[in-house]
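Notes for the one structure printed next.
The values are calculated or read from the model by the stated rules, or taken from the named source; none is laboratory data. What you see is a predicted model, and the numbers here were worked out from it, not measured in a lab. Counting neighbours? That spans all protein chains shown, and the Cβs are built from the backbone with ideal geometry, glycine included. What goes into the accessible areas is simple: the full protein's heavy atoms, side chains included, and nothing from ligands, DNA or RNA. Shrake-Rupley method; radii C 1.70, N 1.55, O 1.52, S 1.80 Å.
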Protein chains: 4
Amino acid sequence: MSGNTFGKLFCVTSFGESHGPAIGCVVDGCPPGLILSEADIQPDLDRRKPGTSRHVTQRKEADQVRILSGVYEGATTGTPIALLIENTDQRSYDYDKIKDVFRPNHADYAYIQKYGRRDPRGGGRSSARETAVRVAAGAIAKKFLRERLGTLVRGYSAQIGPLVLDFMDWDTVEMNSFFCPDPSRIEELDAYLTQLRRDGDSCGARVNVVASGMPAGIGEPVFDRLDADLAHALMGINAVKGVEIGEGFGVIARRGSTHRDEMRPTGFLSNHSGGVAGGISTGQDILCSIALKPTSSITIPGKTIDAEGQAADIRTTGRHDPCVGLRATPIAEAMVALVLIDHWLRNRGQCGDVKPGTPAIAAEGVAGEVPSEMSAPLPDDG
Amino acid sequence: MSGNTFGKLFCVTSFGESHGPAIGCVVDGCPPGLILSEADIQPDLDRRKPGTSRHVTQRKEADQVRILSGVYEGATTGTPIALLIENTDQRSYDYDKIKDVFRPNHADYAYIQKYGRRDPRGGGRSSARETAVRVAAGAIAKKFLRERLGTLVRGYSAQIGPLVLDFMDWDTVEMNSFFCPDPSRIEELDAYLTQLRRDGDSCGARVNVVASGMPAGIGEPVFDRLDADLAHALMGINAVKGVEIGEGFGVIARRGSTHRDEMRPTGFLSNHSGGVAGGISTGQDILCSIALKPTSSITIPGKTIDAEGQAADIRTTGRHDPCVGLRATPIAEAMVALVLIDHWLRNRGQCGDVKPGTPAIAAEGVAGEVPSEMSAPLPDDG
Amino acid sequence: MSGNTFGKLFCVTSFGESHGPAIGCVVDGCPPGLILSEADIQPDLDRRKPGTSRHVTQRKEADQVRILSGVYEGATTGTPIALLIENTDQRSYDYDKIKDVFRPNHADYAYIQKYGRRDPRGGGRSSARETAVRVAAGAIAKKFLRERLGTLVRGYSAQIGPLVLDFMDWDTVEMNSFFCPDPSRIEELDAYLTQLRRDGDSCGARVNVVASGMPAGIGEPVFDRLDADLAHALMGINAVKGVEIGEGFGVIARRGSTHRDEMRPTGFLSNHSGGVAGGISTGQDILCSIALKPTSSITIPGKTIDAEGQAADIRTTGRHDPCVGLRATPIAEAMVALVLIDHWLRNRGQCGDVKPGTPAIAAEGVAGEVPSEMSAPLPDDG
Amino acid sequence: MSGNTFGKLFCVTSFGESHGPAIGCVVDGCPPGLILSEADIQPDLDRRKPGTSRHVTQRKEADQVRILSGVYEGATTGTPIALLIENTDQRSYDYDKIKDVFRPNHADYAYIQKYGRRDPRGGGRSSARETAVRVAAGAIAKKFLRERLGTLVRGYSAQIGPLVLDFMDWDTVEMNSFFCPDPSRIEELDAYLTQLRRDGDSCGARVNVVASGMPAGIGEPVFDRLDADLAHALMGINAVKGVEIGEGFGVIARRGSTHRDEMRPTGFLSNHSGGVAGGISTGQDILCSIALKPTSSITIPGKTIDAEGQAADIRTTGRHDPCVGLRATPIAEAMVALVLIDHWLRNRGQCGDVKPGTPAIAAEGVAGEVPSEMSAPLPDDG
């Protein structure tokens, strides 16, 4: 397995290069009977797609998805669903000048060490373009989770470069192209990114994802914990260098007496653990947070080597995002949704007839007992 | 797959409960011809084992490992290696009083929701005791990596509760039971943990792992990136709530112009990315950092519910670590080693005869060009 | 994956060599709540075990199984079930003389070509002894299938060397050590095998397995068809060289007009296809038949080479079965049961809430319409 | 895993329905640097394609394959290779009349029991059309095996209905549309099939596949034996009901003294075992034989039920093969090739640096010592 298939029961096999004829994927294991058409998938693709604002790459891709199989008379049949997205705006000439030079901190050099060759057009397989197929597959997972389980998977930009953004409400997130959750910060964000582009530089970002309404009891106890598989899914997104569940790195300095999520018949009194205990969901909101690095494709010249191993200087032009995190929210949502549906199906396989004697309690307890830091979907410190 | 098997080519299948007759694992896919005996495995088990200091659980377990198969005349044969560790000190009575009460933030409640039942003795399958078999399997992986590839996988405690510990040298790490890398801080650590135990409370920890000498070109480009699989492996350790590769969350506020790891024929000029680019190793040190939460098994009473869903109070006595991070270093090393050997074998399977035209460059470049923050194996901010 | 793990959701990982300290396996993915103890497993092990008649190897093994994990208070918990069988009668000296000579048609030479080394004691990993752990794991699967689904998995010897044995009834099968289904043939069988042993020779066998009461709709339509996975399971048994489903090779000369299994609301009118259509169960009896080769471990001298590649002659003494098929019935049952439970769980994962509009029809139709060749569980020609 | 992905390291994920817009697959894990274009794949597709003679379905499909990814400048890059074949001749109206009636011995009824719904157009996913993508993926495997290992995978029709066809030579096989290996029988075959079509009936077939030049030491010793995986691959082809390796069912009545394949430094003296011992290749020809059932889609009316479970009669018109075995040879070759490349890569992963002390011996021994039945690639009795 060369790592292009994701999931155990709900499996996504991805293919395609940035400047090949098409990208796409095969979704295997989707339960039959889910109402599905391209219209269910396209909106998430549009949320991710390039060219939505002047701060993201100006590549013009329709990102129009076609369902090639697995759907009959408007519903899934249980057989593989192939999704195809044609590449239409492949300006390969942009990349000719860097064909024989390794962009620092890009996959170029590592690909040559592994494969002995690479498709240099637009980064080939390592292009962020590959994430479009994850978003498409994730849209199917999100629909199933929403319609069958009442589970919502939603994300937002929690930090762009130095600008920490507080969560206000979900509607705001969808009303700006930065996935910014605070309407009062959008102007500032815009100014910051404008200056960044003028500097020819890039910045990092933090994206938070919240899955609410996930039933308790989903996950596995040892290697494939729900949080471990979330970490695998999220760290597998281009540019991600850190993953947190619940309080994440905030737990280091915390004491057990304040961290443990106490319980009452009316519900949990806090959610420091981010909805997962012992690798299994608790029924609380599942809280994930990721760090995305600044892209290395910037116009400030940098030191590197060429294909012969000789010293070279590089200045990446072409069409690039100054902050890849700006388009990462739909991708992170998709990866979380893929993990959740896979574990839900895995659990149904092994434990489909389990009736726990203890009733599930509410995600949140009685008023006044929920710690204030949980009033936002994720604590500020992640 | 219920998540008890780890790896694709070098596969570890774990079994066992804290208070059952034994724990153990089956290691499948180990290359033949590796010199191996129990003496190669026991030292890492001894590093992890309970009772090594007064700050870890006083359970007395010999943690003596037996090889049941896969080794003949002192070398691996290529067939499955079964490892068995008998449980000898099972004081189940400690747990009777909490049998019908869910310890907050433990796996108890989630297990019941998933399985409808659980083995309550010592946490059963969710006990940290399970990690002993990971350490045992990891010792085989570490030996292969060291002897065949010259790769060293080593970890240390980078933070215990509020105490941030600077890396000094590897010898120090092994000379104290805290895996503390700075000899000047050991007394302070001891005092802090003594007070913590007196308070009946617990604290979190950060553990860093460095894999040096890993060849370039190992990993996969999309879902199963080397860093994604490291995140899966590390987040799958009990109590871990955050994983970073290289600079981790430090990348958010950083600019691309300072983050990208520039290259010269003499080597890389920095290692902000932690030895992985595009999911594939670069030949630099692979840098991982994890956050472990404070254990919830503390003597300060807490609010919870019982098996009938009624309100209850709990005060965990029994034998527990006030800081589970204290014993996590060998476990984290093991998980990293398991990922590295698995990906090295996977790469040999697909790309075993690749001869890259571009020569591999050194992990570090010429003197004076390596950023100061890399003088320690991991930057302070993780 | 080095092929020692079987199954996708109900996973068996096997380990152990013929003359190592123990053999065993880990069963992962068993649903929780199944009543289970060693007493549920031992009877099948006793059916397979050596020394039951003078026609099978006289090695004396208690084949006593121990459950090491995954069972608490008499029921499965959903966590891995480790099974251990210690080797007690390891007369390795029998094998010293053949240590440096490859037994023809044995795994010896192939192992050396693959691994460069092997454990020669009793065939090491390639010994039929390994099949004991399959029988143990299969006993768990059989219990689940029987108790939860009402599915019975039963086998018998359909041919021993030239002696074709007609199916009479299941009780007979269990009342002789040959798994012979016809009481009138036992004396003849005994005489044949006695002569075979005197000749220092061996013979092949056919074993049939019938799974009755399996629900319709279980299996997968393309690569992992139910019959494909049965073929994988059965061809993976030592010495098996052929697998048939339903009429098997009998279909070649048949015409579609007589082969197709017609249907009526009262049930199917025949079962030529052996209970599988398009890779998915039909609700009819699932009919499998396998061919086992004569063992090559005979006392008639044979031509071979030694470890240096030089010509050598070999005469295998030691303890061997003149017909390995004599003990194959419980093994074949186990492998069929493992496939069925795995596919049943896989189906529940993906299709657990499907309610087919068309009611399932009976496995057999109205009297008089069932073709006569189906009065025996399998047609004579397999 | 819903069974649409085949292989562990060389993985083929298939998708598509008979009358959807397209069928195709993703080939993941192909080694980089293999020269590849559509021209390498098309010839095998043309060998399988409908409409090549008047005895196969007259559906007109160009079966034109497009490579969508994974190939750059004429060679594989190591990333997933997506193959797409558009469906162009979808005469769905042929199937409308059978939409609500289950064709006996087809997948129709089983699909409804499993999924609760199905795509009835041309059999949907269960159509033999799906096998085109296996042929396409197999062509890549065959090219790798041929160019890198010198392994040839070739098949032929060994029996059509009652007509047993002796192997003469490989050139003959490719010079007629029946894959008949004996030029003297072609007229007879043509007459037989003509009569069969006039009768509105169908017949079964036997196809043999021989892989020559496969290195010794490839395979796995327990569950995933090379022959077990071959059985899985071959039984997973539509209509296959039996699989044999080497002598297959002929071993039952054979004695060990004549069956064992003796060895001399100059080579093996026979190949009864079909090139596999203990699950691992011996370096001899790998011999496989399969039985394909007569298709149930015939014009002779048959008894069945409809979607409401009521009795119905059916008479399949549409375009169908009277002998599906006529087009099965390229499919069987493809499946064998997929198993061989997968196991070769798996072996390189685990054992890539093994140097066996014993030299590999020749596939066949000195002249005069090879038993006569091996002069044909497969013994007559299969």
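Quick rundown of the values:
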read-out	value
Members of the stretch A:9-20 found to be out of contact with any Lys or Arg (no Cβ under 6 Å at 6 or more places or on another chain) and either modelled with pLDDT of 95 or more or under 19 Å from A:Ala139 (Cα atoms) (or both), listed by number	A:Phe10, A:Cys11, A:Val12, A:Thr13, A:Ser14, A:Phe15, A:Gly16
Of all residues making up the stretch D:1-27, the number that are among the aliphatic types (A, V, I, L, M) and not in a strand (DSSP E or B)	2
Checklist (1) facing chain B (nearest Cβ under 7 Å); (2) at pLDDT below 95; (3) open to solvent by 10 Å² or more (accessible area, probe 1.4 Å) applied to A:His232, failing item	(2)
Candidates B:Thr258, B:Thr266, filtered to the one that is surrounded by fewer than 21 Cβ atoms within 10 Å (Cβ to Cβ), more than 8 Å from every other protein chain (Cβ to nearest Cβ), closer than 30 Å to A:Pro294 by Cα and touching a Gly at 6+ places or on another chain (Cβ under 9 Å)	B:Thr266
Residues of the stretch D:77-88 that turn out to be open to solvent by 30 Å² or more (accessible area, probe 1.4 Å) and in a loop (DSSP other than H, G, I, E, B), as a count	1
Residue list for the stretch A:185-213, restricted to those being in contact with a helix residue (DSSP H, G or I) (Cβ under 6 Å, 6 or more places away or on another chain) and either surrounded by fewer than 21 Cβ atoms within 10 Å (Cβ to Cβ) or part of a loop (DSSP other than H, G, I, E, B) (or both)	A:Asp201, A:Ser202, A:Gly204
Of all residues making up the stretch C:297-307, the number that are outside any strand (DSSP E or B) and in contact (Cβ under 8 Å) with a residue 60 or more places away in the chain	5
Flag for C:Ile290 being open to solvent by less than 10 Å² (accessible area, probe 1.4 Å) and farther than 30 Å from D:Arg125 by Cβ	no
Criterion: touching a Phe, Trp or Tyr at 6+ places or on another chain (Cβ under 9 Å) and closer than 20 Å to B:Ala337 by Cβ - qualifying residue of B:Thr282, B:Thr304	B:Thr282
Meets criteria (modelled with pLDDT under 90 and in contact with a strand residue (DSSP E or B) (Cβ under 7 Å, 6 or more places away or on another chain)) for D:Asp100	yes
Every residue from the stretch C:219-232 that is out of contact with any Cys (no Cβ under 9 Å at 6 or more places or on another chain) and either under 20 Å from C:Val135 (Cβ atoms) or in a helix (DSSP H, G or I) (or both)	C:Leu226, C:Ala228, C:Asp229, C:His232
Residues being away from chain B (no Cβ under 14 Å) and assigned to a strand (DSSP E or B) - total across the stretch A:160-184	0
Matching residues in the stretch A:159-177 - criterion: being touching a Gly at 6+ places or on another chain (Cβ under 9 Å) and open to solvent by 10 Å² or more (accessible area, probe 1.4 Å)	A:Gln159
Residue check, D:Ala216 of a type outside the set (Phe, Trp, Tyr), open to solvent by less than 10 Å² (accessible area, probe 1.4 Å) and outside any strand (DSSP E or B)	no
Of the criteria (1) part of a helix (DSSP H, G or I); (2) farther than 20 Å from D:Asn238 by Cβ; (3) at pLDDT below 95, which one D:Ile140 fails	(3)
Evaluation of D:Gly242 against (1) open to solvent by 40 Å² or more (accessible area, probe 1.4 Å); (2) touching a Phe, Trp or Tyr at 6+ places or on another chain (Cβ under 7 Å) (one fails), failing number	(1)
Residue match in the stretch B:217-240 (condition: closer than 30 Å to A:Val164 by Cβ, without any contact (Cβ under 8 Å) to a residue 12 or more places away in the chain and among the small types (Gly, Ala, Ser))	no
Filtered residues of the stretch C:179-201 (kept if touching a Cys at 6+ places or on another chain (Cβ under 9 Å) and in contact (Cβ under 8 Å) with a residue 40 or more places away in the chain)	C:Leu193, C:Leu196
Selection status of C:Ser270, assigned to a loop (DSSP other than H, G, I, E, B), among the hydroxyl-bearing types (Ser, Thr, Tyr), in contact (Cβ under 8 Å) with a residue 40 or more places away in the chain and in contact with an Asp or Glu (Cβ under 6 Å, 6 or more places away or on another chain)	yes
Residue in the stretch B:26-42 that is under 26 Å from D:Arg348 (Cα atoms), hydrophobic (A, V, I, L, M, F, W, C) and within 14 Å of chain A (Cβ to nearest Cβ) present	yes
Filter pass, C:Ile23 being of a type in the set (A, V, I, L, M), within 14 Å of chain D (Cβ to nearest Cβ) and either surrounded by 21 or more Cβ atoms within 10 Å (Cβ to Cβ) or at negative phi (or both)	yes
Matching residues, the stretch B:111-147, being over 17 Å from the mean Cα position of the chain (by Cα) and in contact (Cβ under 8 Å) with a residue 12 or more places away in the chain	B:Tyr111, B:Ile112, B:Asp119, B:Pro120, B:Arg121, B:Gly122, B:Gly123, B:Gly124, B:Arg125, B:Phe144, B:Glu147
Residue identified as open to solvent by less than 10 Å² (accessible area, probe 1.4 Å) and in a helix (DSSP H, G or I) among D:Gly155, D:Gly124	D:Gly124
Residues that are open to solvent by less than 10 Å² (accessible area, probe 1.4 Å) and either under 23 Å from D:Gly352 (Cβ atoms) or over 20 Å from the mean Cα position of the chain (by Cα) (or both), drawn from the stretch B:62-76	B:Leu68, B:Ser69, B:Gly70, B:Ala75, B:Thr76
Selected residue (criterion: nearest to the other protein chains (Cβ to nearest Cβ)) from residues of the stretch D:273-287 that are closer than 16 Å to C:Val324 by Cβ and assigned to a loop (DSSP other than H, G, I, E, B)	D:Gly278
Output for the stretch B:297-313, where each listed residue is surrounded by 24 or more Cβ atoms within 10 Å (Cβ to Cβ) and either closer than 12 Å to B:Gly200 by Cα or more than 9 Å from every other protein chain (Cβ to nearest Cβ) (or both)	B:Ser297, B:Ile298
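The rows are residues; the columns are (1) under 11 Å from the mean Cα position of the chain (by Cα); (2) among the small types (Gly, Ala, Ser); (3) more than 7 Å from every other protein chain (Cβ to nearest Cβ).
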site	(1), (2), (3)
D:Arg197	no, no, yes
D:Ser202	no, yes, no
D:Val210	no, no, yes
D:Gly213	no, yes, yes
D:Ala228	no, yes, no
